[in-house]
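K.L.:
Could you have a look at this structure, given as structure tokens, before my questions?
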Amino acid sequence: MKYLLETPVRGILGTEKFRTAIHWRNGILITDEPEKLGGRDLGPDPYSLLLSSLVSCTLATLKMYIELKGLDIPEITVEANMFYRIENEGTVIRIERKIEMHHVSDSEIRQRLIGVAENCPISKILKGNIHILTEFKNKKSDR
């Protein structure tokens, strides 16, 4: 199996309730829960991180396409939010993504850019069939 990341993302939660240090290949990101949930709001919560992944991937994918096609679009804004909705199959999570670009009046180009956004890798992962394998890993000192 070939992993997408050379080094896994690693999180460490100590004594500060929900304050988590997320170690990634090039640094540390602090996450937390909002104060209303008992955290101190020192960093993004898990939902914000998930949506941030979608937003940043959408922006990068759109930027690559815009540069490849030589389009004159100097700035792109993407926002995302999520909500629960009751449907026939039960409760479903819906993610709403909005893309804003000035000076793009051609509806054909707009539709193509929406298609590009729909095909960003994180969109594909979120829409796909995901299996999460969980196991306990013994610390070296526990052996």
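Only the coordinates and a few stated rules stand behind these numbers; no lab work does. Since we're looking at a predicted model, the values are computed, not measured. Using ideal geometry, Cβ is built from the backbone for each residue, glycine included, and neighbour counts are taken over all protein chains shown.
K.L.:
Using the alpha-carbon atoms, what tilt in degrees (0 to 90, nearest 10) does helix 46-69 show relative to the longest principal axis of the chain?
P.N.:
Orientation of helix 46-69: about 40 degrees from the principal axis.
K.L.:
Would you list PHE83, PHE136 from fewest to most Cβ contacts within 10 Å?
P.N.:
PHE136, PHE83
K.L.:
For the stretch 46-127, place one equal point scatterer on every Cα, skip the solvent, and apply the Debye formula. What is log10 of I(q)/I(0) at q = 0.23, 0.24 Å⁻¹?
P.N.:
-1.11, -1.18
K.L.:
Sort CYS120, CYS57 so that the residue with the fewest other Cβ atoms within 10 Å of its own Cβ comes first and the one with the most comes last.
P.N.:
Ascending number of Cβ neighbours within 10 Å: CYS57, CYS120.
K.L.:
Which net charge results for the neighbourhood of LYS124, defined as the other residues with beta-carbon distances under 14 angstrom from its beta-carbon, given Lys and Arg at +1 and Asp and Glu at -1?
P.N.:
After counting each charged neighbour, the total is +1.
K.L.:
Can you pull out the trypsin sites (Lys or Arg not before Pro) in the stretch 15-49 whose DSSP state is coil and whose Cβ has at most 10 other Cβ atoms within 10 Å?
P.N.:
Passing sites in the stretch 15-49 are ARG25.
K.L.:
Name the GluC sites (Glu not before Pro) in the stretch 79-143 that are in a loop by DSSP and that have at most 16 other C-beta atoms within 10 Å, would you?
P.N.:
GLU89, GLU135
K.L.:
What 222 nm value per residue comes from the helices of the chain, counting each DSSP H run with n ≥ 4 as -39,500 (n - 2.57) and dividing by all residues, nearest 500 deg cm²/dmol?
P.N.:
Per the formula, -9500 deg cm²/dmol.
K.L.:
Assigning unit charges at the beta carbon (Lys, Arg +1; Asp, Glu -1) and nothing else, what dipole magnitude in debye, to the nearest 20, does the chain show about its Cα centre?
P.N.:
700
K.L.:
Sticking with this one: Give me the angle, in degrees from 0 to 90, between the Cα long axis of helix 107-118 and the longest principal axis of the Cα atoms of the chain, rounded to the nearest 10.
P.N.:
20
K.L.:
While we're here: Across 10 Å bins from the origin, how do the percents of Cα pairs in the stretch 14-61 run, short distances first?
P.N.:
Pair shares across the bins are 26, 46, 24, 4.
K.L.:
Can you pull the semi-axes for the chain, root of five times each eigenvalue of the Cα gyration tensor, sorted largest first, whole Å?
P.N.:
33, 19, 18
K.L.:
Below 26 Å Cα-Cα, how many Lys pairs turn up in the chain? Only count pairs eight or more apart in sequence, or on different chains, if you could.
P.N.:
Step by step, the pairs that qualify in the chain add up to 16.
K.L.:
Find which of GLY70, ILE132, ILE30 sits farthest along the positive direction of the dipole of the chain, computed with +1 on the beta-carbon of Lys and Arg, -1 on that of Asp and Glu, about the Cα centre.
P.N.:
Farthest towards the positive pole: ILE132.
K.L.:
Can you put THR61, THR7 in order, fewest other beta carbons within 10 Å first?
P.N.:
THR7, THR61
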